[in-house]
Structures are given as C-alpha cells and as structure tokens.
Amino acid sequence: MRPFRAIRYRIPDTRDLSRVLAPPYDIISEEMRRELRGRDEHNFVRIELPQGSAAEQGPESRYLKAAAALRQWREDGVLLRDARASCCVLEQEFSVGGQTWRRRGVFALVRLPEAGENHVLSHEGTLPEPKADRLRLLRSCRAMTSPIMLMAEDAEVRLARLLAEVQGEPDATAGDSAEVVHRMWTLPEGDATEAICAAVGAGPLFIADGHHRFETAMSYREEMRRAFPDAPADAGFNFALALVASARDEGIVTFPTHRLISGLDGAARERLRRCLEHSFEVEELSHPGAEGPHCQKRLEESGPHCHVFAMYCGGNRYRILVARDDAAAESDSVVERLDVSILHERLVDPVVAGAARAPDEDERVSHDSHATGVAGRGARLTYTTDEGQAVAAVNRGDYDCAFFLRRTRVSDVMAAARAGERMPGKSTYFYPKVPAGIVVSDAAPEPA
C-alpha cells in the first residue's frame, strides 16, 4: 500500500463536489444516470457509465467517449493530477435505522498480487459481463475511475486510531441522493502516510466491495505487461485504486439482501410447502399496519446459533422460519453454515430453479442457479436491500413472496475469504458505497 499522485476535481469557487460525483457503475439506474448528467456537465457519470446512442458505430464507442471526456477534462483543468504523492482520508457520515454512523478509510494504491501471493482476499464470485464492461473502460481511459473498498483486519485498532486523528477543515465535501455526507482530507506523503501504511502492514486486505473491478485490474495488468514489458515496477497498471478501512471501524455497516420470487406455478408452490414442512419450524405472525413487516429487528435478535428468516406472501401475514437442526449444514465450511446458504439450499433453490425436487425426494441444486438472479420454468429471483419495497412489491402482485435475512457479519466475510471460499451471490451489501470520481488513479505504463 502506498501514496500516489491522485487525479482530482479542481473546482475554483467551492470545495463542494456534490454536483460532480456519481455512485459506482453497478448501482446507477437509467433514471439516475439521466439525473446525474443533468446535474452538471462535468458529472463523473459521463466517465463511470458512459452513454452510447443508436447513431454511434461499434461496441467500443461509448468507452472511447468516456476516454475522450477524461482527456478533455484534464486538458481543461477540470481534473488535474496532483504534483505530489499523497493519501486521502475519506469520512462518510450516514444514518441507518435512526442511528448516525461515521466510517473512515484512506485512498491509496495497493499492489496487485502476483501468482502465489494472497495479500488481497475475496469472498464473492464474479460474472463475465461486468468484468468485460469494466475492462473496456479501463483500456480506453487507462485510469481506475472507481476504487475498490478493502478492509484491514486491524487487530490492534492502529489504523482506525490513526484515521480518527485526522481533523481540521476537509479539503472537499459532498452530499448525495442517499443523504450520505462525504468529507475528504489530503495527507501529503510523509510521516502520517508512512504510519498509516505501516498500520496496514503486509495484510491481508479483504475485499468488501468491488470484486469485479479488482479482477478487471488483474486482467488489465497482464495485458499491459505484454504490451509494455519494460515498464517499471511502480507503473500505474501494477496497482489497484482502493479505499482501505479498518474492519474494527463501527461504521462498517452491511445490509442484508432480501430475496423476491415471482412466476411460481402450482408445482412450485407445492415444492415451497414441502420445503417449509421438511426443514423449518414456522411461526405465523400478523402485522397490523401497511408499512412493511419491520421484521429485521426480530431476526437480528435471534441467537447466533440458529438460522432464522422471515417470509411474506401478502395478505399482511408473515412467517418466521427457523431452520431445524438437521437442515443446517454439518460442515467445516464457513459458507455452508451461513444463513444465506441454508436459505438457498433448503428453500429458494428447490422452489425457484425447478430443477430440484423437494428435500424428501433427495435432490439438491447448486448455488449457481441463483448467481445471476434468473431462474428456469417461468420463476424468477430478484434481490433488494429494502424491506418495505419488498413488501410493497408483493402486495402489488409483482412478486409471489419475499424472504428476509439477517445481515452477514463482517467476521464471516473475512473468515470465508481467508478460507478461500466464495459466498452465494448477493450475500453482502456494504453501505454506503464509495463515490466514483472523488479520486482517480493513473493506470498507464509510467510511475503511479
């Protein structure tokens, strides 16, 4: 981990970046993209998620457009590269469940692992389409436009303490549509940055968010090494732009990702009934209001040694599902013991995929069936982190049922990564996201 010469916005009349920052590409809807483009002519969405048109020719046109915008903005002084290497401390202030949190991390470059090295560990599988998209953008721009988020185990809490000591007026601030306040301080290369890098040490670092961007950076590095075999070891393409936070930071917040199922026919409903009967103790609940089940508190209060879920199928009736002892995996695997794995193995996969019979028919489905959110035989699986939206969608008839989970613990994320295991898709949602455009790193063959 090391300081670098960041590429950043230079706004002469204000330090407020609210009009120009954008969320990372994977949570930008088409409606959000239009809103961001209209917010400012230099909003970073034009680079992070460039827009193509039917009149443009060739699959690379929108990536070339992003590269042209990046180049023009640098020539015009909208974005400039720092003269000196530095690390940038980012604080994100946000509210969850009526409680306000602050999370701090530090922007730096992290050297991409060589064969046999394991100082960056992942817990999630990836899909080819997002990686192909990000690789085209990286090739065109030769810059990492959106950082990955990494966690340091920080057993002695040294990193968290050093980041907390950074005070004074921030160099830049921003607010976003999710009501998150971002504050950033620049630490020029020196004693402070050396202490922060020393606190992180040799790692390992755990990917919290950005698995596709990390694997894309690895692929891009190999391409650049073939193209520039004489590039120096400190060439920009040998590093990933990262926000490194302490896993001990109380502001490391994960959301559970709930499951919504639609398109269930009679056979699928029968499979659902049999799965519930076979693997779960079911408690019927009634909720008097129309604001959603608000069952998250109930689930979180359950003991760590049971697997508990909630199910909603409409009619203002909810069920608490507790997995029976024989439904829980008897395994040394971290992933197989997770709530999300039990839910898919014993309920969601057999019901949705249609390729499995109920458990008493002795057939199971692998987690591959839900990795992309698409299922067979007319049934479809979708995800949301918003409990109220899930209930409203079922009430409208858009979905047949919703399943609610507890949040995955950060300790389980790190344990799975350390064991080299991959969690099922949509197992974690670290909040808030790190904005794109707040800092950019050069990924050229020259020194970073």
Unmet requirement for Ala115, which otherwise passes all of (1) in a loop (DSSP other than H, G, I, E, B); (2) touching a residue at least 24 places away in the same chain (Cβ under 8 Å): (2)
Just to be sure, is Ser140 more than 19 Å from Val434 (Cα to Cα) and crowded, with 17+ Cβ neighbours inside 10 Å? yes
Hey, does the stretch 375-382 have a residue that's surrounded by fewer than 23 Cβ atoms within 10 Å (Cβ to Cβ), closer than 30 Å to Arg37 by Cα and modelled with pLDDT of 90 or more? yes
If Ile261 meets every condition in (1) modelled with pLDDT of 95 or more; (2) in contact with a strand residue (DSSP E or B) (Cβ under 9 Å, 6 or more places away or on another chain); (3) under 30 Å from Leu138 (Cα atoms) apart from one, which number is that one? (3)
Six or more apart or on different chains, Cβ atoms under 8 Å: show the pairs whose first residue is in the stretch 293-314 and at pLDDT 75 or above and whose second is among the acidic types (Asp, Glu). His307/Asp339; Val308/Asp339; Phe309/Asp339; Cys313/Asp400
Answer yes or no: is there a residue in the stretch 49-57 that is among the small types (Gly, Ala, Ser) and either closer than 15 Å to Asp133 by Cα or modelled with pLDDT of 95 or more (or both). yes
Just checking, does the stretch 217-232 include any residue being among the small types (Gly, Ala, Ser), more than 24 Å from Leu127 (Cα to Cα), part of a helix (DSSP H, G or I) and modelled with pLDDT of 95 or more? yes
Restrict the check to the stretch 85-104 and report whether at least one residue is more than 30 Å from Asp412 (Cα to Cα), surrounded by fewer than 19 Cβ atoms within 10 Å (Cβ to Cβ) and at pLDDT 95 or above. yes
State yes or no: is Glu169 under 27 Å from Arg19 (Cα atoms) and surrounded by fewer than 20 Cβ atoms within 10 Å (Cβ to Cβ)? yes
Residue under question is Glu250, and the condition is that it be at pLDDT below 95, more than 30 Å from Tyr312 (Cα to Cα) and either of a type in the set (D, E, K, R) or out of contact with any Cys (no Cβ under 9 Å at 6 or more places or on another chain) (or both); does it hold? yes
Looking at the stretch 222-268 only, could you name the residues that are touching a residue at least 24 places away in the same chain (Cβ under 8 Å), surrounded by fewer than 17 Cβ atoms within 10 Å (Cβ to Cβ) and more than 23 Å from Arg111 (Cβ to Cβ)? Glu250, Gly263, Asp265, Ala267
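The values are calculated or read from the model by the stated rules, or taken from the named source; none is laboratory data. Remember, predicted model here, so these are calculated numbers, not experimental data. Heads up, the Cβs are rebuilt from the backbone with ideal geometry, glycines too, and the neighbour counts pull from every protein chain shown.
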